[in-house]
1. State whether one or more residues within the range 133-147 are more than 30 Å from residue 240 (Cα to Cα), free of Cβ contacts under 8 Å to residues at least 40 places away in the same chain and crowded, with 21+ Cβ neighbours inside 10 Å.
2. Could you check the range 2-121 for helices (runs of 4 or more DSSP H) lying wholly inside it with 3 or more residues that are more than 16 Å from the ligand (Cβ to nearest atom) and closer than 26 Å to residue 256 by Cβ?
3. Going residue by residue through the range 177-199, is there one that turns out to be surrounded by fewer than 16 Cβ atoms within 10 Å (Cβ to Cβ) and within 16 Å of the ligand (Cβ to nearest atom)?
4. Is one or more of the residues making up the range 144-151 among the acidic types (Asp, Glu) and away from the ligand (no atom under 14 Å from the Cβ)?
5. When residues of the range 157-168 are filtered for being assigned to a loop (DSSP other than H, G, I, E, B) and within 16 Å of the ligand (Cβ to nearest atom), how many remain?
6. Has the range 187-194 got any residue that is part of a loop (DSSP other than H, G, I, E, B), under 24 Å from residue 8 (Cβ atoms) and not β-branched (Val, Ile, Thr)?
7. Name the residue, out of 53, 57, that is crowded, with 24+ Cβ neighbours inside 10 Å and in contact with a helix residue (DSSP H, G or I) (Cβ under 6 Å, 6 or more places away or on another chain).
8. List, please: which pairs have Cβ atoms under 6 Å, are six or more places apart or on different chains, and start with a residue in the range 81-95 that is closer than 11 Å to residue 61 by Cα and end with one that is near the ligand (Cβ under 10 Å from one of its atoms) and of a type in the set (Asp, Glu)?
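The values are calculated or read from the model by the stated rules, or taken from the named source; none is laboratory data. Quick caveat, the model's predicted, so the values are computed rather than measured. Positions of Cβ are backbone-derived with ideal geometry, glycine not excepted, and every protein chain shown enters the neighbour counts.
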Amino acid sequence: MTAPERLKFIVLSDLHLVGEDETSKGLDTFVRLEKGIAAINARHADADFVVLAGDLADLGFRGEEAPYHRLKAAVSALTVPCHITIGNHDSRDLYVKVFGETERAGTGYIDKVIDAKGYRVILLDSVTAPGAEHSHGGQLAPSQLDWLAQRLDEAADRPVVVVLHHHANPLLTKVDRIILENGKALADVLNRHGDVRQVIAGHVHYTSTAIWHGLPFTTLAGGHYNVTVPLDPEAAIDQLWGPAQMAVVLGDADLTLVHFDNYLDGNIVLENA
Ligand SMILES: [Fe+2]
């Protein structure tokens with residue numbers, strides 16, 4: 001009996017890359033990315049592709065271009081294809097300057113469609129608030145919601161997974177101050193489809209799962225650091241700690257599964273926030 005054809009892809013998020021000889025929160029985030037890529041090549045070389053879910057650079061929004069060049073060089077070591085969108089620490093213009101104009105969808109944003117193994121995977125650029133150079137909150141533009149509806153209609157016959165930087169569903173902690181502001185509008189569009197298997201985000205630097213408006217949502221901690229957040233919207237973040245975490249998404253006709261691969265620094269406490 002042959003095994004069913006199964007989609008496998010990796011999500012890395014929140015790389016927060018710095019320039020040469022720089023660190024962020026005391027960590028060399030470039031070395032951490034290199035270790036993540038080595039882990040993918042060693043353990044997940046059978047993946048169909050990798051997705052980077054934004055906050056590629058730590059200070060891209062302040063005009064730092066070097067991290068994008070370093071990122072481009074680093075991902076060239078991946079043995080599987082890599083698809084990228086941006087987060088609130090990024091500059092869309094700098095990203096496009098380094099990675100090319102073809103990274104922009106018809107929306108003008110860094111949105112993408114990947115069709116593989118009977119699935120459609122859709123990347124959404126959630127950093128579209130007009131005039132906001134660096135607002136930590138997220139937003140999807142009306143043109144993106146229209147674009148998304150069309151991409152979903154085209155894929156009416158197959159399951160869909162969406163990846164974006166910002167969390168859309170409330171997490172009932174302080175991070176809801178930097179939530180995707182029009183998450184309900186996103187959910188309304190996604191519910192047109194009827195077989196959205198996951199909506200995966202980074203941004204919050206911790207792991208969560210939820211069902212919200214009938215849709216499954218996941219956040220992964222990402223590559224920089226993990227936070228402990230009290231379940232109280234007013235309480236501050238407790239501490240920053242390891243591990244660096246990637247999500248491993250597996251999908252066939254019946255099952256869509258997210259594993260979390262903590263590839264670095266499982267138990268290191270970095271500092272009090
Ligand atoms: Fe973020």
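1. Looking through the range 133-147, at least one residue is more than 30 Å from residue 240 (Cα to Cα), free of Cβ contacts under 8 Å to residues at least 40 places away in the same chain and crowded, with 21+ Cβ neighbours inside 10 Å.
2. Those helices (runs of 4 or more DSSP H) span 29-43.
3. Scanning the range 177-199 turns up at least one residue that is surrounded by fewer than 16 Cβ atoms within 10 Å (Cβ to Cβ) and within 16 Å of the ligand (Cβ to nearest atom).
4. The answer is yes; a qualifying residue exists.
5. Residues flagged as assigned to a loop (DSSP other than H, G, I, E, B) and within 16 Å of the ligand (Cβ to nearest atom) within the range 157-168 amount to 4.
6. Yes, the range 187-194 has at least one match.
7. 57
8. 87/55; 89/55
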